[in-house]
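J.: I'd like to ask some things about the structure below.
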Amino acid sequence: MSMKDKFTRRRLLKTAGGLALVSGLSAPSILRAQSADVIRFGHLTPRTGFLGPLGEYGVMAADLAVEEINAAGGVMGRKVELLKEDSVNPQTASTKAERMIERDKVACIIGEISSASCLTIAQVASRNKTLFINTGGNSDALRGKDCQRYMFHVESQNSMYVKTVGRSFLQEGLVKGKKWYSLTADYAFGHDLLRVAKRFMEGNGGQFAGDDLVPTDATDFSAYLLKIRDAKPDLVVINLAGNQITNFLKQYAEFGLTYPVGGFGFDTALAWAAGKGNFVGTWPVVWHHLLDTPGSKAFVAAFSKKYGKPPENQAWGDYIATKIVAQSMNDLKSAESPKIIEHFEKGAKFDLLKTRPGYFRASDHQLMHEMYAVKALPVAQIKNQWDIFSSSGPVPGPNEELEVIAATKEENSCTFPS
């Protein structure tokens, strides 16, 4: 150990942060996350299981964001180090979040896709007063009865997905007086999404011909497809998640069913995996690689150069979340979670690579931003494996407030734990 190292350690041990580090006493996470030249961000997301294909896009995008942040000078002159883990399931996610904060001394945690895992991570983050940015969990409950002071949401809530694509269904005459048949992933995300979808459908004069809960490990949909064929619905609604959507679309095409298809939750990677001719219907998405804005074009070009394929919407979420945290720390000249939370709640605006900036709503910590409805292209119009859909303009439109697609306080109320 050099004399400089000894001196630095001696100085550290004389500080409150140093004493807390040595004795194990509680201390603000930032005092433990910093070193002279490095600040650590934790990244937790599924990298295996039915959500694994989406998680991998998130990991790639977070890596790219950190590369760009460090190339631009880092955070407060420090290099950002990204610590990455497979969250696996809610229990494992909780354990790994605890370890990242207590052992690895991260300044924040970014990521996740499973709504159930988001909740367990948020509970750990709140106990330890450490910022958590959810990039993939959709459940309204995370912004309502389960909301947490230290959790913010770049990912849109289910209500935003439903109200966005619901506009398209209304325009196409697929709601009032119509019958829907839904298949829903049997876990927290799916249950919440079905509740929100039924609220929309019943509020607009439609009804459900049937709705089935589908285990997350289901791969054979033939029994459900037979029930759909017998029900003869006006719209087949897919509230599935991860590679369930890919498997369903492939089998739907094999069965030769022709009922219109749509969904309230969606990731473009799943459409790509389904393949040309199998992807059908109208779906909501938080972002896609065809957006014609300077920021999106730059992101797509950088991601494609690094990985040989375009980014999809989960990649956008992890990329944007990482950039938002770094920008906020640099603007505040602080990585202390309470200061960042105050900054977010005061309405700080952020470039989201879209047509207008977004902000976190103070009442529930949901990012207010534009979304899109995408529609599968006819096979004859598909020119490559990526550009397989057309898109609506931004939803809400340019003359509308961003909050019109979000859940109202009456629909989903949040009271942060004291």
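The values are calculated or read from the model by the stated rules, or taken from the named source; none is laboratory data. Here the structure is a predicted model, which is why all the values come from computation and not from measurement. Cβ: placed from backbone, ideal geometry, glycine included. Neighbour counts: every protein chain shown. Surface accessibility is based on the protein's heavy atoms, side chains included, excluding ligands, DNA and RNA. Shrake-Rupley method; radii C 1.70, N 1.55, O 1.52, S 1.80 Å.
J.: So which pairs qualify, if the first residue must be in the stretch 289-314 and not assigned by the TED database to the domain that holds residue 267 and in a helix (DSSP H, G or I), the second must be open to solvent by 60 Å² or more (accessible area, probe 1.4 Å) and of a type in the set (D, E, K, R), the Cβ gap must be under 7 Å, and the two must be at least 6 apart or on different chains?
T.: What qualifies is 295/351.
J.: Taking the conditions exactly as written (surrounded by fewer than 17 Cβ atoms within 10 Å (Cβ to Cβ), more than 30 Å from residue 177 (Cα to Cα) and at pLDDT 95 or above), does residue 297 satisfy them or not? Give the steps one after another, and end with the answer.
T.: Numbers: surrounded by fewer than 17 Cβ atoms within 10 Å (Cβ to Cβ): yes; more than 30 Å from residue 177 (Cα to Cα): yes; at pLDDT 95 or above: yes.
When the stated conditions are applied, residue 297 passes them.
J.: Return the pairs, sorted by first residue and then second, in which the second residue is among the charged types (D, E, K, R) and assigned to a helix (DSSP H, G or I), the first residue lies in the stretch 171-197 and is within 13 Å of residue 158 (Cα to Cα), the beta carbons are less than 9 Å apart, and the residues are 6+ apart or on different chains.
T.: Short answer, once both residue conditions are applied: 192/140; 193/140; 195/140; 196/140; 196/163.
J.: Among 339, 354, 333, which is the only one that is without any contact (Cβ under 8 Å) to a residue 24 or more places away in the chain and either open to solvent by less than 60 Å² (accessible area, probe 1.4 Å) or assigned by the TED database to the domain that holds residue 69 (or both)? Spell out the reasoning first.
T.: Numbers: 354 fails: without any contact (Cβ under 8 Å) to a residue 24 or more places away in the chain; 333 fails: without any contact (Cβ under 8 Å) to a residue 24 or more places away in the chain.
Only one candidate passes the filter, namely 339.
J.: Within the stretch 389-415, which residues are surrounded by 14 or more Cβ atoms within 10 Å (Cβ to Cβ) and either touching a Phe, Trp or Tyr at 6+ places or on another chain (Cβ under 7 Å) or part of a loop (DSSP other than H, G, I, E, B) (or both)?
T.: Selection gives 391, 392, 394, 395, 396, 406, 407, 412, 413, 414.
J.: Still on this structure: Being part of a helix (DSSP H, G or I) and open to solvent by 10 Å² or more (accessible area, probe 1.4 Å) is the filter; apply it to the stretch 253-268 and report the residue that is farthest from residue 310 (Cα to Cα).
T.: Ranking the candidates gives 255 first.
J.: Of everything in the stretch 207-221 that's small (Gly, Ala, Ser) and open to solvent by less than 40 Å² (accessible area, probe 1.4 Å), which residue is nearest to the chain's Cα centre (by Cα)?
T.: Taking the stretch 207-221 and keeping what is small (Gly, Ala, Ser), we get 209-210, 218.
Then drop every residue that is not open to solvent by less than 40 Å² (accessible area, probe 1.4 Å), which leaves 210, 218.
Numbers: 210: 28, 218: 23 Å.
Per the criteria, the residue is 218.
J.: Could you grab me the full set of residues in the stretch 342-351 that are open to solvent by 70 Å² or more (accessible area, probe 1.4 Å) and farther than 22 Å from residue 126 by Cβ?
T.: Step one: of the stretch 342-351, the residues open to solvent by 70 Å² or more (accessible area, probe 1.4 Å) are 342, 346, 349, 351.
Hits for the stretch 342-351 are 349, 351.
J.: Can you work out which of the residues in the stretch 100-117 that are in a loop (DSSP other than H, G, I, E, B), more than 30 Å from residue 186 (Cα to Cα) and of a type outside the set (A, V, I, L, M, F, W, C) is most open to solvent (accessible area, probe 1.4 Å)?
T.: Among those residues, the one meeting the criterion is 103.
J.: Taking the stretch 120-137, which residues are over 16 Å from residue 89 (Cα atoms) and open to solvent by 20 Å² or more (accessible area, probe 1.4 Å)?
T.: If the condition is that a residue be over 16 Å from residue 89 (Cα atoms) and open to solvent by 20 Å² or more (accessible area, probe 1.4 Å), then 126, 127, 128, 129 are the ones that fit.
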